[in-house]
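Here is the structure we will look at.
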Amino acid sequence: MKYVVAFGRFWWDFVVGDDWLVAAGIGVALGLTALLAAEDVSAWWVTPVAVVVLLSASLRRATRA
């Protein structure tokens with residue numbers, strides 16, 4: 001069981017890292033991209049824009065702390 005917990009913690013730290021808000025925002029952006037692509041709308045721009053916005057917000061929060 002110890003190895004299963006360690007494996008889960010590794011993947012949590014790998015995916016989420018230090019800022020769970022960024023991970024949640026990217027998840028929302030990927031979901032929005034999937035919804036737009038399913039409706040045959042050009043959705044290539046959603047994820048890069050989300051990454052830039054979320055990264056800048058994360059850096060702003062980190063510099064204020």
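The values are calculated or read from the model by the stated rules, or taken from the named source; none is laboratory data. Quantities reported herein were computed from a predicted structural model and do not represent experimental measurements. Reconstructed Cβ throughout: ideal geometry from the backbone, glycine too, with neighbour counts over all protein chains shown. The area values use the complete protein model at the heavy-atom level, side chains included, leaving out ligands, DNA and RNA. Shrake-Rupley method; radii C 1.70, N 1.55, O 1.52, S 1.80 Å.
Values for this structure:
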{"read-out": "Using alpha carbons only: equivalent-ellipsoid semi-axes of the chain, gyration tensor based, whole Å", "value": "27, 20, 6"}
{"read-out": "Dipole of the chain, positive direction: furthest Cα of L54, G31, A65, with charges on the beta-carbon", "value": "A65"}
{"read-out": "³J(HN,Hα) computed for each position of the stretch 48-53 - Karplus, 6.51 cos²θ - 1.76 cosθ + 1.60, integer Hz, glycine/proline x", "value": "x, 5, 4, 4, 5, 5"}
{"read-out": "Inter-label distance, nm, simple model (7 Å from Cα along the C-beta direction), D40/L59", "value": "3.9"}
{"read-out": "Estimated 222 nm signal from helices in the chain, with DSSP H stretches of n ≥ 4 weighted -39500 (n - 2.57), rounded to 500", "value": "-27000 deg cm²/dmol"}
{"read-out": "The chain - percent relative contact order, Cα under 8 Å, separation 6 or more", "value": "27"}
{"read-out": "Residues of the chain: accessible area per residue with a 1.4 Å probe, Å²", "value": "84"}
